[in-house]
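Right, one structure below, let's go through it.
No value in this document is a laboratory result; all are computed from the given coordinates. Just so you know, these numbers come straight off a predicted model, no measurement behind them. Quick reminder, even Gly has a Cβ in these numbers, built from the backbone with ideal geometry, and neighbours come from all protein chains shown.
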Amino acid sequence: MEIYLIIMLVLMIFGSLYSLHAKDLLSAVISYGIVGFGLVISFLLLQAPDLAIVQVVIEIVTLVIMIAVIKDTTEKEDKQTARFSQFIYLLVLLLFTIAFYLAFDKISGSLSPFGQHATRMATAYTQGVHETGSANLVTGVVFGFRAYDTLGEATVLFTAVIGVLTILRLKGKKGE
Amino acid sequence: MKGMTIIVRKVTQFIAPIIFLFGIYIVFYGHLTPGGGFAGGVIMASAFILQILANGEILDKLRKEESGLEFLESGAILGFIIIAGFGLILSSSFVFFSNFINKGVIGKLLSAGMIPLENIIVGTEVCAAITTIFIALVVYKDEVAL
């Protein structure tokens, strides 16, 4: 199973690299779809069907909206000139590499192996799922133990819709 | 916005109700099978988006639908908080989001107390939100063109 996961991850990396260097924006968006649908297969391989369902639907809707935006605006990308010299970019790259290496070296020593959730809350959730009465563990956590988080997510979506309507509306609603 | 050919329209007429029904199934069985309010809500919204893309001429009617969708969305958020408040008032433990209804047998459709209710409310909210964003993108673009 792990070899399939590695193949999917490599494919996703190639898809994102191609979408960075594509000539026009339409092929960039479509090759970005490789990343999304590769993520769906990765979720299925990791046995997370809840996440896979959400990801596949969101990916389709996002792709439709992005293609509609590109069809209405332009397919050419703006040319951007380099603002700094190559030396500064290389220096920043080196610094970030060293910082990430040190951080991951410190963090990965204190974690349990991949796939073995040893945190205290995770074991408490899996053992206390019968208290919520839900057969689906994920829904039991999201709407039972973590209902405050769900309220926050719904509020974020509501705020996003308000923002979209406020920015896109040109005329007032009552007075023309 | 122009619609598409008659082949696309007829196929959409067959497909869109099935997609909508599947979204309702995902929402109602969220506490038993994979899925839930968020996934089912987006599936229901995608049925509406398919209809709008196929039949573009119904756009004039959509201007009236938009305020209804906003009402639905705001009402769903309010309902979520009200259900949480019922948990605060009616339960014996006095906790926000307390699951005070009888849990029932695990695995049955009518079980898990308040979780199916919360699933339905969140599904309504997500469906209204995504459809509102898409309708706003389509309708206000036409206003710019005028």
Exposure proxy order (Cβ contacts within 10 Å, fewest to most) of A:Met121, A:Met66: A:Met121, A:Met66
Expected 222 nm ellipticity per residue - DSSP helices of 4 or more, -39500 (n - 2.57), all of chain A, to 500: -24000 deg cm²/dmol
query: Rg/Rh for the protein assembly as shown: what does it come to with C-alpha atoms and Rh from Kirkwood?
result: 1.01
- line: Largest-first semi-axes in Å of the equivalent ellipsoid built from the Cα gyration tensor of the range A:1-78 are 26, 16, 5
- prompt: So what is log10(I(q)/I(0)) for chain A at q = 0.17, 0.19 1/Å, when the Debye sum runs over its Cα atoms only?
  reply: -1.35, -1.34
